[in-house]
Amino acid sequence: MFALRRWWNQYALKAGLVVLVMIAALSMRDSGGAVIYEMYRWVTRPFHPGPSREAMLQSSYAQELQQRLVELESQNRSLRQIVEGDSSPADEGTPAAVIGRSAGDWWQQIIISRGAQDGITPDDVVTGPGGLVGRVIAVSPNSSRVLLVSDPTSRVGARISRSRATGYIQGSMGQQVVMEFFDKIPDVKVGDVVTTSAYSKLFPQDIPIGRVVALDLAKSPAPEVTVELTAPLGIVEWVEVIPFEPRDITMPETRDTLQEVIPNREGTDAVEGDRTP
């Protein structure tokens, strides 16, 4: 007994430390170090400065703007349904994976994993994270070929959301495309949002395309700007296919329209002559 007490007096502290170290090691293994991290935060909390007043104000202002944007988008959809009716496609989009693209036409075409058996048809609109990707140009039973908006042969009717200035987008084999305007002096500036136009025959309106990053308003024969696409076409892996039937816009004949609006001048003169005393 005396020997045990003597051993305890000599090694009790060391044994206790060893036990504590083992318990701490087991706790760290089970919790991934969360206990140590919480202890560190508790000890150093008085030395951590809180967020500045400016940062808190900016965060609150950003949240307010996001809420207002959501509300404005909801009101805009409601107004458009009242004025124009529900012009959105009746069917929901079909998700599809990008299963093929070659280095030679990386910025021109992609192959997606949906085809005719899934209801995909040529001219369907393809969107992805960020906005417009392209449109379907060929369909097989189980896959489809998509022409990207970055293809130089692609043309997309577009407009500036802020000023409603209209033009068309032309691909340039990259993440940036060129928008050429119909107006000689368009109202556009760097940072403006670009969407599809209501005048586009191949795409529904108001699909996001990108943002203006550079201006060349002195370009001849028409001013143009550089637009950074919001959809990452170079790394896109998943897309959504939206059914859309291209609109066939027919212009009325000028002669028939004028005859309906402007009556025969000789007959009018005769009637007016009869009324003259």
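The values are calculated or read from the model by the stated rules, or taken from the named source; none is laboratory data. What you are looking at is a predicted structure, and each value in this text was computed from that prediction instead of being measured. Methodologically, a virtual Cβ is constructed for each residue, glycine included, from the backbone with ideal geometry; neighbour enumeration extends over all protein chains shown. Just so you know, the surface numbers come from the protein's heavy atoms only, side chains and all, with ligands and any DNA or RNA stripped out. Shrake-Rupley method; radii C 1.70, N 1.55, O 1.52, S 1.80 Å.
Stretching Glu228 away from Ala214 to a fully extended chain increases their span by 4.1 nm, per 0.36 nm per residue minus the current alpha-carbon distance. Peptide packing for 224-230, 172-178, 116-122 was compared via the average number of neighbouring C-beta atoms within 10 Å per residue; ordered from the highest value, the list is 224-230, 172-178, 116-122. When each of the peptides 145-157, 234-246 is scored by how many other beta carbons lie within 10 Å of its residues on average, the order from highest to lowest is 145-157, 234-246. Element breakdown for region 94-271 at a 1.4 angstrom probe: carbon and sulfur atoms account for 55% of the accessible area. Computed with a 1.4 Å probe over protein heavy atoms only, the accessible surface of region 94-271 comes to 54 Å² per residue.
Residue separation of Ala97 and Arg164 scaled by 0.36 nm, minus their Cα-Cα distance, works out to 20.8 nm of gained length.
Extension gain, Thr153-Leu72: 0.36 nm per intervening residue step, less the Cα-Cα distance, totals 25.6 nm. Here the label points at Glu237 and Thr121, each 7 Å from Cα along the C-beta direction, are separated by 3.2 nm in the simple model. Taking amide hydrogens as placed 1.01 Å from N in the peptide plane, the amide H of Ser143 sits under 5 Å from those of Gly115, Ala116, each at least 5 positions away in sequence or on another chain.
Coupling constants for region 121-136 follow from the phi torsions by the Karplus curve (6.51 cos²θ - 1.76 cosθ + 1.60, θ = phi - 60°), and in residue order they are 10, x, 6, 4, 8, 10, 10, x, x, x, x, 5, 10, x, 9, 6 Hz; glycine and proline get x. Once backbone amide H atoms are built at 1.01 Å from N, Gln175 has no partners under 5 Å, excluding neighbours fewer than 5 places away on the same chain.
Would you work out if region 74-233 is rounded, prolate or oblate? Take a ≥ b ≥ c from the square roots of the eigenvalues of the alpha-carbon gyration tensor; rounded if a/c is under 1.5, else prolate when a/b is larger than b/c, oblate otherwise. The shape class here is oblate. With all protein chains in place and ligands, DNA and RNA left out, the 1.4 Å accessible area ranks Arg162, Arg114, Arg135 as Arg162, Arg114, Arg135, largest first.
Residue by residue, region 185-190 carries 3J(HN,Hα) couplings of 10, x, 8, 8, 8, 4 Hz when phi is fed to the Karplus relation 6.51 cos²θ - 1.76 cosθ + 1.60 (θ = phi - 60°); x denotes Gly or Pro. Between Leu79 and Val21, the simple spin-label model (points 7 angstrom out along Cα→Cβ) gives 7.2 nm.
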